[in-house]
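To start, the structure under review is shown below, and the notes come after it.
The values are calculated or read from the model by the stated rules, or taken from the named source; none is laboratory data. Quantities reported herein were computed from a predicted structural model and do not represent experimental measurements. Neighbour counts are summed over all protein chains in view; Cβ atoms, including those assigned to glycine, are modelled from backbone coordinates with ideal geometry.
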């Protein structure tokens with residue numbers, strides 16, 4: 001049974017986001033599973049965004065998470081609300097050369113700079 005995101009407090013949604021990010025990290029060779037986890041992560045982001053006052057700011061605390069996948073996804077999902085700080089996280093991941101997160105972060109920055117990606 002999938003959790004009912006609408007009834008979860010913000011702190012539980014953040015915990016769910018971390019869990020999904022860690023699962024992504026462990027599943028980086030399984031594209032089908034990665035895509036499923038990404039869809040679930042977007043649902044968490046959408047739930048936070050839809051809450052009064054746009055609660056995605058709770059994900060900013062994950063910029064210092066020890067796992068690079070969690071940091072990457074937190075930065076990507078908060079670009080619209082914390083563009084400078086999120087870009088700094090993405091740049092740090094890119095500069096770290098830790099693959100595949102560095103490649104993903106670099107592509108995200110490139111797409112932003114080229115105007116191919118507009119954060120929402």
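Key figures for this structure:
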read-out	value
Set 85, 75: member being modelled with pLDDT of 95 or more, in a helix (DSSP H, G or I) and under 20 Å from residue 20 (Cα atoms)	75
Residue 82 vs. criteria touching a residue at least 12 places away in the same chain (Cβ under 8 Å), under 13 Å from the mean Cα position of the chain (by Cα) and within 16 Å of residue 25 (Cα to Cα)	no
Among residues of segment 52-93, those that are surrounded by fewer than 14 Cβ atoms within 10 Å (Cβ to Cβ) and closer than 17 Å to residue 11 by Cβ, counted	6
Selection count where residues are under 19 Å from residue 18 (Cα atoms) and either surrounded by fewer than 14 Cβ atoms within 10 Å (Cβ to Cβ) or touching a residue at least 40 places away in the same chain (Cβ under 8 Å) (or both), scope segment 100-111	1
